[in-house]
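The values are calculated or read from the model by the stated rules, or taken from the named source; none is laboratory data. In this text, all values refer to a predicted model and were calculated from it rather than measured experimentally. Quick reminder, even Gly has a Cβ in these numbers, built from the backbone with ideal geometry, and neighbours come from all protein chains shown.
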Amino acid sequence: MQKILQYNQQKPARQSLGGGEKKPARNASRSDAGGVLRKIAKEVPVADVKTPKIKKILKEMSAALKSQDDGVAIAAPQIGYSLRIFLVAGKIFKTGFSERGLSQADGPRGSAPRARGDSDPEQKDPVAMDMVFINPKISKLSRGKDWVPEGCLSVRWLYGKTLRSKKATVTAYDENGKKFSRGASGLLAQIFQHETNHLDGILFIDHAKDIKEELPK
């Protein structure tokens, strides 16, 4: 089951966080009421990060994310695992996907890989790999905020506007157990906030305004 943040670009199509074929999107308003989507997810012991179990979960999350054309990120609870993990789709780092403020502000503890395979800005068509955040914690949020369009596969087909900080910094562990810090603005900052909300059992509909149903045409 999966949740997704949806990013409304200038055209009608929306970009989302999550999705999946093998494990359908967990619907918070129905099948999962009071279930895993509403629980505070557990931290992953650092010693377990490189174990087969966590690798398997990361593989399932990546497959679920890739199964959705509009998916841009996914949290572990969205496919039934109450663990503090989320992935960001590497495609959002590709040139032209979104020019609305993606940035990197590495902290003193190291830096996250720029969506593995996307470290060379001169590559015309780099291989976009998912970016892994294990035990993520938002260490900084900007005072400046915007109301931004948002949605979630777990509450299909509802959309609304949420108040999100324009910039955010997250500290986390990658899939190799290395701690890093990543700063962002625009869409990526919104993703950080949406996904960490998921890990605390919070859905965007809990704090959104102007919520309405938009059925696919």
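Assorted remarks:
- The criterion of being under 24 Å from LYS94 (Cβ atoms), buried (at least 19 other Cβ atoms within 10 Å of the Cβ) and not aliphatic (A, V, I, L, M) holds for LYS167.
- Flag if PHE93 is more than 21 Å from ILE202 (Cβ to Cβ) and either modelled with pLDDT under 80 or surrounded by 15 or more Cβ atoms within 10 Å (Cβ to Cβ) (or both): yes
- Screening the candidates ARG156, ARG109 for the property of being under 26 Å from LEU37 (Cβ atoms), basic (Lys, Arg) and modelled with pLDDT under 90 yields one hit, ARG156.
- Residues in the range 200-217 that are touching a strand residue (DSSP E or B) at 6+ places or on another chain (Cβ under 6 Å) and crowded, with 19+ Cβ neighbours inside 10 Å were compared, and the one that is nearest to ILE79 (Cα to Cα) is PHE204.
- Test: residue in the range 7-15 that is modelled with pLDDT under 95, hydroxyl-bearing (Ser, Thr, Tyr) and out of contact with any Phe, Trp or Tyr (no Cβ under 6 Å at 6 or more places or on another chain): yes
- Where ASN197 falls short, out of the listed (1) crowded, with 18+ Cβ neighbours inside 10 Å; (2) modelled with pLDDT of 95 or more; (3) in contact with a strand residue (DSSP E or B) (Cβ under 7 Å, 6 or more places away or on another chain): (3)
- Only one of ALA41, ALA63, ALA47 that is at pLDDT 95 or above and over 20 Å from THR196 (Cβ atoms): ALA47
- Test: GLY117 is buried (at least 24 other Cβ atoms within 10 Å of the Cβ), at pLDDT below 90 and over 15 Å from ARG84 (Cα atoms): no
- Selection over the range 179-199 of residues that are part of a strand (DSSP E or B), closer than 19 Å to GLY144 by Cα and not hydroxyl-bearing (Ser, Thr, Tyr) gives a count of 3.
- Between ILE202, ILE211, ILE134, the distinction of being within 25 Å of GLN68 (Cα to Cα), β-branched (Val, Ile, Thr) and assigned to a loop (DSSP other than H, G, I, E, B) belongs to ILE202 only.
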